[in-house]
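Here is the structure we will look at.
Coordinate-derived values only; no laboratory data. What you see is a predicted model, and the numbers here were worked out from it, not measured in a lab. Neighbour counts are summed over all protein chains in view; Cβ atoms, including those assigned to glycine, are modelled from backbone coordinates with ideal geometry.
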Amino acid sequence: MDTHVVVVLGGDPTRRAELTADVIARTAGSALVLTGHPDAVDPRLDTTDVGAVEVRADDPVARTQAYLSGAVDPGDDVLAALSAGSDTPLSAVLGWEYTRRAAASGYWDVVVVELDGDLAAVRRLAAAGELTAFVDSRWPAHVRFASMAAGDMADPRVREAHRLSLLAADVTAFLSGPLEVVVAGEAPERTEAMAELARGAVTPDIELDDSGEYLVAYPAPTMPTGAGTVDGNLLRLDHDGFRAILRLPSVLARCTLEDSHYDSDTRSVVLRFVPDPDLWPSHLVPSGSTRHAG
């Protein structure tokens, strides 16, 4: 049986610990709890040496230092900037990678991650997308792969960027997969919807209208603070306090984003894409889109 992964977020440490105990009681098996408050464990959990529950402290600083020790160039200024502080996208991604590996080991029946704060936790869920966007904006995939063809002779900074990209990709796939979110704080329905968007676990509704344009609706609990933007095959939606980075379906990556708006009735961001004639064979450009050529 696959390991069940649960994120318990928001509220205070005691409330999160209670919900963690409830989750573990449902599974009735072995569990690993990753928490920033190991002193707030619910008394119902048997955490003794012979118990079924193991509690480990969340230590982003130690994880980041361990990652830096294996860096191609630990003194690189870009990597240093990414590693400054305990709440950077890199430290968050390393935490999720730790969780991913724990789940992949199959040793525990359930792995629970406790996160402080509603919005702070949502930002941590969005970290993999932010790290991906950061790397791609400076070292696009074609640049990285071309450089990596040189093997050990490749530019050290590009090699490190490639390492970060692979890390972010693994974590993105993990977070967008089967994972349960339990909200201990306020506005649980809204917070859960924010978490789903932040971790990329949303599926867009895509419609091709009569003019050959694609109308794409992404579920979003709140109105973005600005218009959606596209960089390569990534869609960026800025919300108040976090940024969702979503990978576009391949058909949309060959289109141009014309505009976007928020539909409060359906609680979704609606974007209009037009096929880019430069990226489509002429006989495949939907009727009505050729007016955008040239």
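Return Leu9, Leu246 ranked ascending by Cβ neighbour count within 10 Å, so the fewest neighbours appear first. Please list the in-between numbers first.
Values: Leu9 27, Leu246 22.
The most exposed by this proxy come first: Leu246, Leu9.
Estimated at 0.36 nm per residue, the fully extended path between Met148 and Thr256 surpasses their Cα-Cα distance by 35.9 nm.
Between Thr266 and Leu166, residue separation times 0.36 nm minus the direct Cα-Cα distance comes to 32.5 nm. Centroid-to-centroid, using Cα positions, the range 32-95 and the range 193-216 are 33 Å apart. Using the alpha-carbon atoms, what tilt in degrees (0 to 90, nearest 10) does helix 127-138 show relative to the longest principal axis of the chain? Result, in degrees: 40.
A simple rule links phi to the HN-Hα coupling: the Karplus curve 6.51 cos²θ - 1.76 cosθ + 1.60 with θ = phi - 60°, which for the range 54-61 gives 10, 10, 10, 6, 6, 10, x, 5 Hz, with x for Gly and Pro. Residues whose amide H lies under 5 Å from that of Asp58, counting only those 5 or more places away or on a different chain, are Thr35, Gly36, His37; hydrogens are built 1.01 Å from N in the peptide plane. Loop-located GluC sites (Glu not before Pro) in the range 169-208 (DSSP state other than H, G, I, E, B) with a sparse environment of at most 12 neighbouring Cβ atoms within 10 Å: Glu186.
Between the range 232-260 and the range 132-171, the alpha-carbon centres lie 21 Å apart. Mean residue ellipticity, 222 nm, helices only, the chain: the sum of -39500 (n - 2.57) across DSSP H runs of n ≥ 4, divided by residue count and rounded to 500, is -11500 deg cm²/dmol.
Classify the chain as rounded, prolate or oblate from the Cα gyration tensor: take a ≥ b ≥ c as the square roots of its eigenvalues, call it rounded if a/c is under 1.5, otherwise prolate when a/b beats b/c and oblate if not. The partial results should precede the final answer.
Values: a/c = 2.36, a/b = 1.44, b/c = 1.64.
In terms of gyration-tensor shape, oblate.
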